[in-house]
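Accompanying notes for the structure given below.
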């Protein structure tokens, strides 16, 4: 019984929250086949590789992010994803592997997020239970006659969103919470700083925060002029984001929002959020009566969050799942607790059981999400490439520079920038972002690998696309390469690396 007394009850909650996803990751490392390289990703590892790519650019000393999807297009550098650039610089300063630093920073952000939540919940057990476990996002559920979700990213799931979610999603929880916390205490400068950075890192969450200011404005709990100035400054990064979204790669990336569409109706929204949304409605009388500034910031989320997920996502042409990465579950967990705490203990217990029970279906999907099958499932196989390929990429990392382009197929082209920071001819990202350009480039690379080009054509091809090395593996099928300008440099099992000897 002492486990649930004093500080131990919080440690127990946090232990459960961390144990489930990290035990799954431990099992993945333990069960990794001997011919595979596993780096701690789950499910759709292609997104993690994109983050690694940006981290490695920071590790190389860059302060802006450049597109590494193809050398066929000269993309423009931007400050977007600066949080990953910063992780790379931290790794460079402390002389640590950038991938290790990525995971350490993620763990630190996770602990920070939980610490902030403990403070906002006033270290009360029931709201923490609601926040941690009673907001259940489900994976696609095809066995039911009505499919609840078309798709939902794993970083929104109950055991992942505060533990193994990507750093920018964790910051998308931390920064809005801190901004609202300091805003409720009239610390406008600090609140504005967190709001500005929060919008830059993860815009959807801060849009909801700005949309929740109207109750504070109406009740004059803070200076209206200060609230207006806070809103303007916090939303300023949107101007820059809209500007750079016109760049080639970012403009195409916006189109990928609908590759895995996530759209839901009102009923599905309630199912996704869970019964705590209903309990949150019970808090309205108490909040309007007491007019606590922080709670006046939370209460409008009952309106602005479903509006964001159901309507604003369509207006902005973004995937509705973007509004499920933020701190909505923290807000609703606290509101739900406030809504039921005035009832008798037995009623509170029944409500708590209902809230946790209605989310129980999400637990299985969340637990299974962490497990990797190592079965070459499309997109997931990026998370456990073969060791031969990784040995070749590590050789590139240790013996080449960022300016040395590498010719490979789209599979290796998505992995190379994440671990060696070389520019690549093509990649998986190009295939989903610009199919016409990918088809054109893929056709030329196939001619090269098949040996269909003559000596001059091959030389011009490699030179025009700034290729310094050619990778030949199982997917490239280049066993017949006999071009005189290629020199075998390294070999790792089924993977070979050739250096392009540019004679001109």
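The modelled label-to-label distance for the pair residue 185/residue 456, using points 7 Å beyond Cα in the direction of Cβ, is 7.4 nm. Put a dot 7 Å past the Cα of residue 35, heading toward its Cβ, do the same for residue 123, and the two dots end up 5.5 nm apart. Using R0 = 41 Å, the C-beta based FRET efficiency linking residue 284 and residue 244 works out to 0.50. If you take the alpha carbon atoms of region 385-500 and fit the smallest convex hull around them, that volume is 90 Å³ per residue. Which FRET efficiency value, to the nearest 0.05, is calculated for residue 314 and residue 494 with the Förster distance at 45 angstrom and r the Cβ-Cβ distance? The value I calculate is 0.45.
Taking a point 7 Å out from the Cα of residue 464 in the direction of its Cβ, the residues of region 50-76 whose backbone N falls within less than 13 Å of it are 72-73. Short-range pairs are left out: with C-alpha atoms under 8 Å and at least six residues apart, the relative contact order of region 1-107 is 20 percent.
When the Kirkwood radius is taken over all Cα pairs of the chain, what Stokes-Einstein diffusion coefficient follows at 37 °C and 0.692 mPa s, in µm²/s? Could the numbers behind the result be given before it?
Details: Rh = 24.5 Å.
The estimated diffusion coefficient comes to 134 µm²/s.
Across the chain, the relative contact order, built from alpha-carbon pairs under 8 Å that are at least six residues apart, equals 20 percent. Here the simple spin-label model places points 7 Å from the Cα toward Cβ, and for residue 263 and residue 403 these points are separated by 4.8 nm. Computed per residue of the chain from DSSP H runs no shorter than four, each worth -39500 (n - 2.57), the mean residue ellipticity at 222 nm is -17500 deg cm²/dmol. Estimated at 0.36 nm per residue, the fully extended path between residue 344 and residue 361 surpasses their Cα-Cα distance by 3.4 nm. Multiplying the residue separation of residue 217 and residue 443 by 0.36 nm and subtracting their alpha-carbon distance yields 75.4 nm.
Going by neighbour counts of Cβ atoms within 10 Å, the residues 161, 496, 119 line up, fewest first, as 119, 496, 161. By the beta-carbon count within 10 Å of each Cβ, the least crowded to most crowded order of 433, 390, fewest first, is 390, 433.
As a footprinting exposure proxy, order 181, 384, 337 by other Cβ within 10 Å, with the fewest listed first.
Values: 181 19, 384 23, 337 29.
Result, fewest neighbours first: 181, 384, 337.
The length gained on full extension between residue 391 and residue 27, counted as 0.36 nm times the residue separation minus their Cα-Cα distance, comes to 128.7 nm.
Take every Cα pair under 8 Å in region 385-500 that's 6+ residues apart, average their separations, divide by the length, and report that relative contact order as a whole percent. Before the final figure, lay out each step's value.
Working: 181 pairs, mean separation 32.5, N = 116.
Relative CO of region 385-500 lands at 28 percent.
By the equivalent-ellipsoid construction on the alpha carbon gyration tensor, region 316-473 comes out with semi-axes of 51, 17, 14 Å, ordered largest to smallest.
Since every read-out is calculated from the coordinates, none of them should be taken as a lab result. Because the structure is predicted, anything quoted here is derived from the model rather than measured. We place every Cβ from the backbone using ideal geometry, glycine too, and count neighbours over all the protein chains shown.
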